[in-house]
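The values are calculated or read from the model by the stated rules, or taken from the named source; none is laboratory data. As the structure is a computational prediction, the values presented were derived from the model and not from experiment. Cβ coordinates were reconstructed from backbone atoms using ideal geometry, including for glycine residues, and neighbour counts include every protein chain displayed.
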Amino acid sequence: MIITTGEAEAAHLVSRAQCIAAETGCRYVPRSGRSLARLAASSGDEDILILLEGHVRLGGPGKETLEFHPSMGFVRLKRVMRGETDLMLQAARMEEGDSVLDCTAGLGTDALVFSFKAGLSGHVTALESSHPLYVLLKEGLKTYTSHLARSDEAMRRIEVKHSGHLEYLQSLPDKSVDIVYFDPMFRDPLTDSASINPLRHYANGSALDQLSVQEAVRVARKSVVMKEKRNSPEFERLGFEAMARGNSKITYGVIYID
């Protein structure tokens, strides 16, 4: 994967791109007025992170551009701030000060809501196995500005790690995290989601496996939670109890730890 800037190669963006490349094991390539197609052809790499003023994007030839944005996470966070119920937090039985391991971070939408609820005394670790998504998420959470201070503070508190969830879970002691969370790519995708479709180019599409769930149950102190489509057979296959949720297309499955 390469990292570059927009066509206006401001010195501070060039410096930041070089730092990100060094931090994440990527290559910095000067834009030099070239299109993404020409950059990919000359570098031999089709995954390109583009730093712009106030934005960070992931793109490449033949791929939809994926821009970092908290999306529905920001909307949900504002609802939580108003005292409204969030079904994910309810399913997890989360309280301020809890620690959360988000095993499938994606663009950090759910991690943001968890981080806000956790507050200063809690902690959220977000794992992403896709290296391009990891770099986009790491930089996005560090630099995105929503003009809502409490949201930005919650983003900055999230610890992002590049790792598959099974090996990470296996490295943890028993009962070491309050909540373990999974949001795997749905087995029956929601193709009408404009925000999710570009993500499919980069996300790990593997199904969640039973060994990962077993490790999550070992590691969790309070609950293991999985997001899936309503009525998905994945809940039964993996041993989750699905929460009832009206006519919504998605819901959460839970395993509570005694």
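Here are the numbers for the structure shown:
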| quantity | calculated |
| --- | --- |
| Residues satisfying the stated conditions in the range 20-36, i.e. surrounded by 13 or more Cβ atoms within 10 Å (Cβ to Cβ) and assigned to a helix (DSSP H, G or I) | I20, A21, T24, L36 |
| R150 vs. criteria buried (at least 17 other Cβ atoms within 10 Å of the Cβ) and either in contact with a strand residue (DSSP E or B) (Cβ under 7 Å, 6 or more places away or on another chain) or under 17 Å from T109 (Cα atoms) (or both) | no |
| Test: residue in the range 64-81 that is among the small types (G, A, S) and free of Cβ contacts under 8 Å to residues at least 24 places away in the same chain | no |
| Residues (on the phi < 0 side of the Ramachandran plot and without any contact (Cβ under 8 Å) to a residue 24 or more places away in the chain) located in the range 41-51 | A41, S42, E46 |
| Matching option when the condition is assigned to a strand (DSSP E or B) and hydrophobic (A, V, I, L, M, F, W, C), among V56, V14 | V56 |
| Candidate set from the range 193-208 (those that are among the polar types (S, T, N, Q) and assigned to a loop (DSSP other than H, G, I, E, B)); member that is modelled with the lowest pLDDT | S193 |
| Only one of S71, S115 that is buried (at least 22 other Cβ atoms within 10 Å of the Cβ), touching a helix residue (DSSP H, G or I) at 6+ places or on another chain (Cβ under 6 Å) and polar (S, T, N, Q) | S115 |
| Number of positions in the range 142-161 that are in contact with a helix residue (DSSP H, G or I) (Cβ under 9 Å, 6 or more places away or on another chain), free of Cβ contacts under 8 Å to residues at least 60 places away in the same chain and either more than 22 Å from K78 (Cβ to Cβ) or hydrophobic (A, V, I, L, M, F, W, C) (or both) | 3 |
| Some residue of the range 118-139 being farther than 26 Å from E64 by Cβ and in contact with a helix residue (DSSP H, G or I) (Cβ under 7 Å, 6 or more places away or on another chain) | yes |
| Top-ranked residue of the range 209-258 - restricted to ones that are modelled with pLDDT of 95 or more and in a loop (DSSP other than H, G, I, E, B), ranked as surrounded by the most Cβ atoms within 10 Å (Cβ to Cβ) | F240 |
| Selection status of V100, in contact (Cβ under 8 Å) with a residue 12 or more places away in the chain, surrounded by 24 or more Cβ atoms within 10 Å (Cβ to Cβ), not in a helix (DSSP H, G or I) and not polar (S, T, N, Q) | yes |
| Any hit, the range 145-154, residues being more than 22 Å from Q214 (Cβ to Cβ), part of a loop (DSSP other than H, G, I, E, B), at pLDDT below 95 and small (G, A, S) | yes |
| Out of R76, R93, sole residue that is in the same structural domain as L208 (by TED's automatic domain parsing), closer than 30 Å to L120 by Cβ, crowded, with 21+ Cβ neighbours inside 10 Å and not aliphatic (A, V, I, L, M) | R76 |
| Residue ID - modelled with the lowest pLDDT, chosen from residues in the range 170-192 that are closer than 20 Å to D98 by Cβ and under 17 Å from the mean Cα position of the chain (by Cα) | D183 |
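Let's see how each residue does on (1) at negative phi; (2) at pLDDT 95 or above; (3) surrounded by 16 or more Cβ atoms within 10 Å (Cβ to Cβ); (4) in a helix (DSSP H, G or I):
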residue: L39; (1), (2), (3), (4): yes, no, yes, yes
residue: L89; (1), (2), (3), (4): yes, yes, yes, yes
residue: L107; (1), (2), (3), (4): yes, no, yes, no
residue: A111; (1), (2), (3), (4): yes, yes, yes, yes
residue: L127; (1), (2), (3), (4): yes, yes, yes, no
residue: L141; (1), (2), (3), (4): yes, yes, yes, yes
